[in-house]
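Contents: one structure, followed by commentary.
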Amino acid sequence: MVFVSVGTQKQQFKRIFDMVENSKVLLDDDIVAQTGNTKFCSNRIKMIESIDTNKFNEYIQKADFVICHGGVGTIFNALENNKKILVVPRLEKYKEHVNDHQLEVASELEKEGYLIMYKDGENFDKYVKQLKEFKPKRYIQEEKFLNILRKEI
């Protein structure tokens, strides 16, 4: 099962759902998505607007991998559950967020080997294939990550 999460920001984030919906690599996967305020209809993805914390954690734990926005809560929840993560940062230029801090956070964590970050405009399926083979660095909470977050926030 693939779990997709886009957080609860007021801005729409249809771009991530378009890519997941049209992915040929994910054709045989069951996909569950937390949509937040994004309005998107799909016959392929089980769309859930709001998920309580316990159910959210359950989806993360059951997932083979996670595809998500660059929200630190979602990312660190998935890291703490040793999940493979593909981050698609919300971008200011598409009015998905007020700035590009998600890009900055995801970029730092990718450099450290914890996740894969989708680069805007590239072939999404290339990243999903890479994710399926990805061996992430095991996350152990350290002060270093708190410093990264403090710097970015």
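Sort out which residues of the range 16-40 are crowded, with 16+ Cβ neighbours inside 10 Å and farther than 14 Å from D125 by Cα, and write them in order of number. Those that are crowded, with 16+ Cβ neighbours inside 10 Å and farther than 14 Å from D125 by Cα: I31, V32, A33, Q34, T35, G36, T38, F40.
Which residues, counting only those in the range 1-32, are within 16 Å of G73 (Cα to Cα) and of a type outside the set (S, T, N, Q)? Matches in the range 1-32: F3, V4, V6, G7. Here the range 104-114 is the region considered, the condition is being open to solvent by 30 Å² or more (accessible area, probe 1.4 Å) and either among the aromatic types (F, W, Y) or modelled with pLDDT under 95 (or both), and the residue that is farthest from the chain's Cα centre (by Cα) is E112. The set of residues in the range 71-85 that are assigned to a strand (DSSP E or B) and farther than 14 Å from Q102 by Cβ contains only K84.
For the range 41-70, the tally of residues that are part of a loop (DSSP other than H, G, I, E, B) and open to solvent by less than 40 Å² (accessible area, probe 1.4 Å) stands at 5.
The values are calculated or read from the model by the stated rules, or taken from the named source; none is laboratory data. Because the structure is a prediction, the values reported are computed rather than measured. All Cβ positions, even for glycine, are placed from backbone atoms using ideal geometry, and neighbour counts span all protein chains on display. For accessibility, only protein heavy atoms count, side chains too; no ligands or nucleic acids. Shrake-Rupley method; radii C 1.70, N 1.55, O 1.52, S 1.80 Å.
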